[in-house]
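Nothing in this text is a laboratory measurement; each read-out follows from the coordinates by a stated rule. Owing to the predicted nature of the structure, the values given are computational and were not obtained by experimental measurement. Cβ sites come from the backbone with ideal geometry, for glycine too, and all protein chains shown count toward neighbours.
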Amino acid sequence: TSTQLPKTMKGVYIEKTGGTEVLQYKADIPVPKLKDGEVLVKNEFIGINYIDTYFRTGLYPVPSFPYILGREGSGTIAAVGSGNTYSLTLGARVVYMGTDAYAEYTPVPAIYCIPIPPAISSKDAAAAIIQALTALTLIRESHEVKKGDWVLVHAAAGGVGLWLCQLLKAVGARTIATASTEEKRMLAKNHGAEVVLEYHDNGDEFVKKVMEVTGGEGVQAVFDGVGKATFDASLACVARKGTMVSFGNASGAVPPVTIARLSGKNVKLLRPTLFNYIATREEFEKYVNELWDFMTKDKMHVRIHEVYPLKDVVRAHQDIEGRKTTGKLLLRP
Ligand code: NDP
């Protein structure tokens, strides 16, 4: 079943990997046909994630070209396919994770599509789904953060970073946050970080500060989405029996690590992806419901950097890669 659908739509795709010049805004992309278990979402807001730049540059492989970037959005259901579509109905206001999001219409696996509660706006839902679920699963599963734990969060004023600051505060942890500018550090503090630090190009100086703050022990966990530039200092900041969670590569991929390096403090090293924490509908619903609770009951702030018109996607990619943004970047078709 479907509403009246046009034949073509606006969207952004790439035909090869590269700089922002490979992003092509088109007005004549065929409206996608649904496969079994999919629903078609008419996008209202599309989320930008740092991972979109990895697919664009080729750091992560693209299955085939032309390829429509974008992994999340919110809007309304314009068509329901065959198979198990999790009781989703035409016209329902939903948020989803998937692929092909930089477009007016997106075919979405129903398993990762869920109605938005009335108390939450479509804008906030699109802004939250990937980055907030990432933050939530990191603190529940990658390292189960406990009250009173010292935790180090890099790029704390970014999309995932501001969620980490707020969630860690809510569970009673003590956060040491890094960000590249004074303004970003203030923002991390306003979102719950207890101590804010510059990265320091000289890693030793940074590690010394973290040790001072934690009474010489180090932190129980590091959540590091910056990657190459921060890995060594992050590992040095972990307490005995603590956890080093490397979950992204904003500064480049972390080079191979010798496991012998972990023996100094019996450190657990993890390289998680959100997807492997929400591989089933049950897991997805559990974390989404927990997220809605945090957003409504704990009144978490959804920081939106800018809502860019879809045709301004090049500027949006330049801004996030240029470290000019805080919180979430959204596109509007
Ligand atoms: P952000 O909004 O955090 O943007 C990236 C930030 O990284 C920048 O704002 C910047 O903050 C910091 N940064 C540090 N070094 C660099 C550099 N050399 N170039 C660019 N930025 C740099 O993005 P997201 O919230 O979307 O993602 C954050 C990280 O989390 C990414 O690495 C992403 O891949 C990862 N991620 C991983 C997931 C998973 O499942 N494993 C899921 C979602 C996100 P500053 O200026 O303060 O340094």
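Under the convention that each Lys and Arg Cβ holds +1 and each Asp and Glu Cβ holds -1, the size of the dipole of the chain around its Cα centre is about 160 debye. Principal axis extents of the C-alpha atoms in the chain (largest first, rounded to whole Å): 64, 41, 37.
Considering only Cα atoms, the convex hull volume of region 133-275 works out to 98 Å³ per residue.
Assuming charge only on the beta carbon of Lys and Arg (+1) and of Asp and Glu (-1), the dipole of region 51-179 about its Cα centre is about 360 debye to the nearest 20. Exceedance of the 29 Å cut-off in Cα-Cα distance is limited, within the set K33/K324; K123/K189; K7/K311; K35/K324; K228/K328, to K33/K324; K35/K324. The fewest-to-most ranking of H200, H317 by surrounding Cβ atoms within 10 Å reads H200, H317. When V153, V31 are sorted by how many other C-beta atoms sit within 10 angstrom of their C-beta, beginning with the fewest, the order is V31, V153.
Relative to the dominant Cα principal axis of the chain, helix 122-137 is inclined by about 40°. Report the gain in length on full extension from R261 to T57: 0.36 nm times residue separation, minus Cα-Cα distance, nm rounded to one decimal. Extra length available between R261 and T57 comes to 70.4 nm.
Relative intensity of region 19-74 on a log10 scale, I(q)/I(0) at q = 0.20, 0.24, 0.25, 0.28 Å⁻¹, equals -0.97, -1.28, -1.32, -1.37, per a Debye sum over C-alpha point scatterers of equal strength in the absence of solvent.
Residues within the reach of a label modelled at N84 (point 7 angstrom out along Cα to beta-carbon, backbone nitrogen below 13 Å), restricted to region 1-44, are 37-38.
Taking 35 Å as R0, compute the FRET efficiency from the Cβ-Cβ separation of K299 and T3 and round it to 0.05.
Details: r = 35 Å, r/R0 = 0.99.
With a Förster radius of 35 Å, E is 0.50.
Here the residues L5, L136, ranked from fewest to most Cβ neighbours within 10 Å of their Cβ, fall in the order L5, L136. In plain terms, the chain from E198 to R281 could stretch by 25.9 nm, reckoned as 0.36 nm per residue minus the Cα-Cα distance. Treating r as the C-beta distance of D312 and R240 and R0 as 45 Å, the FRET efficiency rounds to 0.40.
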